[in-house]
Amino acid sequence: MFLSVVAPCFNEAAGLAEFHRRVSAACGGLASWELILVNDGSTDATWDGMTGLARRDPHVVCVNLARNYGHQIALTAGLRHCQGEYILILDADLQDPPELLDDMLRLMREQDADVVYGQRRARTGETWFKTQTASLFYRLMRRLVDIEIPLDTGDFRLMNRRTAAVLNDMPEQHRFIRGMVSWIGLKQLPILYDRDARHAGETNYPLHKMIRLALDAITGFSVIPLRLASMTGTAIGGIGLLLLIYTIGGWMTGRVVEGWTSLMIVMLILGGAQLLLLGIFGEYLGRLYLESKRRPLFVVDRVVTGQTLPRDP
């Protein structure tokens, strides 16, 4: 198998046919290719649409997960099932154009690269809030982590089998695929493009999912928040020691500090700081607890393919 296109899908029934058409057109000149569609617990007719495509097209492989695990786990499931020498990661909403495949393959061959990732010049159809928060997140990550995570870059990328094999060997539960690929190293090159609006339907990445992904990224690749928590605790402890010395000095000289308001302000500041620090420690501790269980990342319900070769779940 020369190329595998891996696409996680969650409630993408409305745009699935157009996605298949454009991917098929982009891959039409290749000797062999497959399209891995991963159904991540969709609540619409996405699975029926997938299996319908598989009945008509032997290139299509449908992976149905046992429940909704989230985009990054669904993507991992697709990477585990693909067989291609090269793997193109692509979302089914058509915001990232499959037509860039030829340019990505050419760049990979000419520069002997292991990964070619799409870097966004513009983002059409997205709100100002989303574009600005995404931009802020990537720049914050660059300061927090020791690895070089490219700016304005999602999961849209072409990688070779060697890179995919290393990625599949990474066992962590809270996954941030673009950061994990950057961590691998090897030769990775950008290709600039303009991101389109969704072809159909509504975004499957609302604010709470974006925040969860950001937390997974920060806690998975940086211990700086723990260091900041330690520094903050030290600073607050120093302030508390100064206040203690001031209070004892006032008592010894007969100048007793009066005022309920000032006392409550100090208590609220210290209490709030303690809760913040405990929250940071809790995020890391919770992730350690979940990782220690060593549960499988996902459970596959079944695999449907248009090919005659059998596939194991």
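The values are calculated or read from the model by the stated rules, or taken from the named source; none is laboratory data. The model shown is predicted, which means the values in this text are computed figures rather than measured ones. Cβ placement follows ideal geometry from the backbone for every residue including glycine, while neighbour counts extend to all protein chains displayed.
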Answer yes or no: is there a residue in the range 20-34 that is within 16 Å of Ala92 (Cα to Cα), touching a Cys at 6+ places or on another chain (Cβ under 9 Å) and of a type in the set (A, V, I, L, M, F, W, C).
no
Here the residues within the range 160-179 that are free of Cβ contacts under 8 Å to residues at least 40 places away in the same chain and assigned to a helix (DSSP H, G or I) are Ala165, Val166
Does Arg80 count as basic (Lys, Arg), within 17 Å of Arg302 (Cα to Cα) and at pLDDT 90 or above? yes
Those residues of the range 66-119 which are hydrophobic (A, V, I, L, M, F, W, C), closer than 29 Å to Trp47 by Cα and assigned to a strand (DSSP E or B) amount to Ile87, Leu88, Ile89
Filter the range 142-174 for residues that are over 15 Å from Ala113 (Cβ atoms) and among the polar types (S, T, N, Q); the one that is modelled with the highest pLDDT is Asn168
Report task. Report yes if Leu16 is crowded, with 19+ Cβ neighbours inside 10 Å, within 18 Å of Gly70 (Cα to Cα), assigned by TED's automatic domain parsing to the domain that holds Arg157 and of a type outside the set (Val, Ile, Thr), otherwise no. Result -> no
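A quick yes/no check of all residues on (1) touching a Ser or Thr at 6+ places or on another chain (Cβ under 9 Å); (2) among the basic types (Lys, Arg):
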{"site": "Leu30", "(1), (2)": "no, no"}
{"site": "Arg55", "(1), (2)": "no, yes"}
{"site": "Val63", "(1), (2)": "no, no"}
{"site": "Ala74", "(1), (2)": "no, no"}
{"site": "Asp93", "(1), (2)": "yes, no"}
Here the residues within the range 180-200 that are in a loop (DSSP other than H, G, I, E, B) and over 18 Å from the mean Cα position of the chain (by Cα) are Leu186, Lys187, Asp196, Ala197, Arg198, His199, Ala200
request  = Might you let me know whether the range 28-43 holds any residue that is surrounded by fewer than 20 Cβ atoms within 10 Å (Cβ to Cβ), modelled with pLDDT under 90 and either assigned to a helix (DSSP H, G or I) or outside the structural domain of Met104 (by TED's automatic domain parsing) (or both)?
outcome  = no
Residue set Gln119, Gln111; condition at pLDDT 90 or above, surrounded by fewer than 19 Cβ atoms within 10 Å (Cβ to Cβ) and touching a strand residue (DSSP E or B) at 6+ places or on another chain (Cβ under 9 Å); output residue Gln111
So, first residue among the hydrophobic types (A, V, I, L, M, F, W, C) in the range 91-113, second residue crowded, with 20+ Cβ neighbours inside 10 Å and in a loop (DSSP other than H, G, I, E, B), Cβ within less than 6 Å, six or more apart or across chains; the pairs are Ala92/Glu12
